[in-house]
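Reading through the structure tokens given below for one structure.
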Amino acid sequence: MNNDHLVSPDGSWHYASAQDGHIWQFPWDGGVGQRISGPKQADRRFRHYLHGISPDGDSIAFVGTEAHGHDPAGTRSLWIRNTSAGTERLLGEGFSPADGPEFSPDGRWLYFNSEIASTTPGHAQIFRSDLEGGHLEQLSFDERVNWFPHVSPDGVYAAYLSFPAGTVGHPPDRRVTIRLLHLETRATRDVVRLDGGQGTLNVNSWSPDSRRLAYVAYPFRP
């Protein structure tokens, strides 16, 4: 397993990305898991990275990576899979390079980070796409590199991981900031600065009452 994992809205299933490039479903109370992602990468070039589950539990959002040249994840696009029907669709044009797709609490929007509005490699910002109309909105506008937006259950805030300007990707072992974005006013404020990065805030970890947020710090050791 890797660090992309979620619990179903009804609390009965645990979903996780595995190192075989697929997404797996496990009974929360324990038992045998089953693969729920499609057979895209018969040649192991296409890999699934889970990030979001819809409020009704019927759909999952994932990043689909595919090798391009010498880069095993040279293409990173956003996909939605209906788990009951077994169908998948590419979100928009994929918004590649993109990552961290996550549903809003009302299921209307998909939040994610992407470099589509930047001319500087690695300069990711926060976006959301209307799943019904396809309308795209950019939500963060600064020199920092912003990843993994997570919307609070009450729909008021999006928490995200902010790297220093010039960072490429979402590497570990960096001095990073967790920020809150007010989704109505678009005001931002820093919550905490910490040693972390990759794995600090990959999936939604808000408490049900929207008052607490869990994250992982990696204190640097000499």
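Quick rundown of the values:
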item: Close pairs from region 31-43: first modelled with pLDDT of 80 or more, partner in a loop (DSSP other than H, G, I, E, B), Cβ under 6 Å, at least 6 apart; result: ARG35/HIS22; ILE36/THR83; SER37/HIS22
item: Of all residues in region 118-150 being touching a Phe, Trp or Tyr at 6+ places or on another chain (Cβ under 8 Å) and more than 15 Å from PHE95 (Cβ to Cβ), the one that is most open to solvent (accessible area, probe 1.4 Å); result: ARG144
item: Test: residue in region 90-98 that is open to solvent by 40 Å² or more (accessible area, probe 1.4 Å) and in a strand (DSSP E or B); result: yes
item: Condition met for LEU90 (without any contact (Cβ under 8 Å) to a residue 40 or more places away in the chain and touching a Phe, Trp or Tyr at 6+ places or on another chain (Cβ under 9 Å)); result: yes
item: Of all residues in region 31-56 being open to solvent by less than 50 Å² (accessible area, probe 1.4 Å), over 19 Å from ASN202 (Cα atoms) and not aromatic (Phe, Trp, Tyr), the one that is farthest from the chain's Cα centre (by Cα); result: GLY33
item: Test: residue in region 193-207 that is surrounded by fewer than 20 Cβ atoms within 10 Å (Cβ to Cβ), part of a loop (DSSP other than H, G, I, E, B) and acidic (Asp, Glu); result: no
item: Within region 1-20, considering residues that are within 16 Å of the chain's Cα centre (by Cα) and open to solvent by less than 50 Å² (accessible area, probe 1.4 Å), the one modelled with the lowest pLDDT; result: ASN2
item: Search result, residues across region 157-178 that are surrounded by 15 or more Cβ atoms within 10 Å (Cβ to Cβ) and part of a loop (DSSP other than H, G, I, E, B); result: THR167, GLY169, HIS170
item: Any chance SER118 is modelled with pLDDT of 95 or more, more than 14 Å from the chain's Cα centre (by Cα), in a loop (DSSP other than H, G, I, E, B) and of a type in the set (Gly, Ala, Ser); result: no
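The values are calculated or read from the model by the stated rules, or taken from the named source; none is laboratory data. Just so it is clear, the structure is predicted and the values come from calculations on it, not from any experiment. Cβ atoms come from the backbone with ideal geometry, glycine included; neighbour counts cover every protein chain shown. Protein only, heavy atoms only, side chains kept; ligands, DNA and RNA dropped before computing areas. Shrake-Rupley method; radii C 1.70, N 1.55, O 1.52, S 1.80 Å.
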